[in-house]
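A quick write-up on the structure given underneath.
Nothing in this text is a laboratory measurement; each read-out follows from the coordinates by a stated rule. Note that this is a predicted model, so its numbers are computed, not measured. Note that we place each Cβ from the backbone using ideal geometry, even for glycine, and neighbour counts take in every protein chain shown.
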Amino acid sequence: MAFSSPCLRVSVAIGILLGCVAAAASDAGDPGREARAKLRQGLLDHFHFGICAPVEWCNETRDQNGAKWKFRQQYFSGGAAKDKSWDSVFLNPWNKWVNPDKRKGVWAENFIKPTIENGYVPWITFYNLAQSNPADYKPGPAQAAPANAAVAETMKSYWEQVKLLMQLCDKFKPHPVVVQVEPDEWGHLLLSKREGKALFPEKVDVKVGSCGMEDVKGLPDNLVGYAQAWYKLRNAYAPSNVLLVTNPSAWDWRGSMAAENWVEIFKQCGVDQWDGAVLEFGDRDLGCSGKAPPYTEADYVTRFASYDQMLKWIETLHKGTGLWVWMWQVAIGNTYFKTCNQTDGHYCDGIAQSILEGYPGNPTIGRFAAAGCAGFVFNAGQGFQTHCTDDKKDGITNPDPIPGNLGHESKYADDDGGYIRLRVGEYYKQPFKMLGGGPQVAAAPAKSPEASRPAEAQAPPKPEPPPKPSVDPAKLAEWDPKLKECLRLAVKDGKAVNAYLRLFGPQDQLKRYRLGAVGDADLQVLVQGNKMPVPWANLSVAERANLAKGLVEALGEDAPALVLAGVYLAADGNAEQSDEAFAKASLKDAAAVSAAKVALGLAQ
């Protein structure tokens, strides 16, 4: 089949990422570096989920079930050098696309535009190398990809397709578009030149500089040049909104494909300067391979046999490259609804239950986030496996449950019984925050589906009520616009406003940062010469008090700044410092202090 493929330490990991940004901030060959860094931050506010489904289904599950999908994924495939009379790339009958007029780039209109218009981030899986001529996927991708890569005419057509892809994505800036580059094929190309356990990117024959395309002229004809060509074409034609990610295959995760080896390969090829990495569990539901439930962790974490080993591999790659990892091609089948009965389109699996059942009491999502994983993308790797939609057109099905199935009755026509839409909807009621802290569930061991089902038996404990603030939050919120405006004017006026903040959530240490800009939705702080956006919603009352104190420091005990400091220090429970600020402000504007105390209910 053409599409087979294989708390939180956020402050440390994002620090690595920001270090990469700073290291090349002045690189004229990458004009969109700062814009993309901001887009990446937007994908790291929570641990997010993506799906491969029609936009109508995404909207329905979002609006009816609360499944706030971040990504909408789709393969772009077809092969290069197949028909010189028109651009055949991305015409994919398996995904039921049609392009009768054979227009170049029609897929941008069919996928990217409606995805963005409905509020999702397009995730494009560019899978073209093995399907190109002359091999045309024969006898399989492991042999076809290296054969095609060595043909100059094929690769010229291939790079022209990449250029076209970037040009079309650029039309949708500033909206981010994720481009996943050739899953599996990095592994296939490297293995074609393996010597024992050693892999040699510089020895892999890939026609780049000699292919005849002017844009990539001069780049080396090997895998290093291949990675550089993708980076160069993105930077030339879609520098500010295309996020490049790719797959370090883990088929031989203890040997040549150990995470440590991939760190070195990615650095040698320059992929550590890309925007993310992607790992997959496999390419189909367990039931598709004849494995009947019940399942253990070793079943669905097939290559690694346990989450501990998989997460260690992810963590090593993440720390070594600074790249966040997304899990992709995550199986959709389950053993919860009767509809999954090991028949065509209704196969069982255990991955979804292992991460979603019983959340937030289930710690698995937190464990992935702590290792350096930023989200999961659910999509079927095979046409016959379980889909999230009613792909089989058989409506609501509730047959007698097979052994190992929990036997719950479904009310949805989805081929998985609606499990994905329901559990992801439940998840987004309390999503795992990454830049703003999150449920403290990252350290406990993972649970198997058997230990976490049924849902009724795994109801999470009720959270402890938060401590009552000394100032009514609703009243305090009325002061936020005043704080923002004072900060904005001070920064615009060239004042050095510094404040102690936790940029990466409550687990981060307080550090002193200088403000670079202030907006309605976020402020930007200077980190190693770069402006990093920090959402206002992520700032605690204490951090806002620090911002007000920074204003006082910058403006020389200005009356409005002192009043703001008094307000936020009172809200933070720091009565002594609040009284001091109010006292100083009273010497300059007693009426303003009196009005503030009355408004906040602090007047005696």
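List of remarks:
- Listed peptides 307-314, 512-519 by packing density, highest first (mean Cβ within 10 Å): 307-314, 512-519
- Cross-linked pairs Lys82/Lys207; Lys82/Lys171; Lys193/Lys267; Lys113/Lys171; Lys197/Lys232: Cα-Cα separations exceed 21 Å for Lys82/Lys171; Lys197/Lys232.
- Summed side-chain charge close to Phe49 - residues other than Phe49 whose Cβ falls under 10 Å, Lys, Arg +1, Asp, Glu -1: +3
- Label-point gap, in nm, between Asp344 and Asp493 - each point 7 angstrom along Cα→Cβ: 7.4
- With the simple model of a label 7 Å out from the Cα in the direction of the Cβ, Glu260 to Gln143 spans 3.5 nm.
- With the simple model of a label 7 Å out from the Cα in the direction of the Cβ, Glu56 to Ala575 spans 6.3 nm.
- Exceedance of the 30 Å cut-off in Cα-Cα distance is limited, within the set Lys338/Lys429; Lys291/Lys392; Lys70/Lys482; Lys68/Lys492, to Lys70/Lys482; Lys68/Lys492.
- Considering the range 473-600 at the alpha-carbon level, its Rg and Dmax are found to be 13.9, 42 Å.
- As a calculated quantity, the FRET efficiency between Gln268 and Ala474 at R0 = 51 Å, using C-beta atoms, amounts to about 0.40.
- Gain on full extension, evaluated as 0.36 nm per residue between Ala517 and Lys393 minus their Cα-Cα distance, stands at 39.4 nm.
- Most to least packed among 270-276, 476-482 [average Cβ atoms within 10 Å]: 270-276, 476-482
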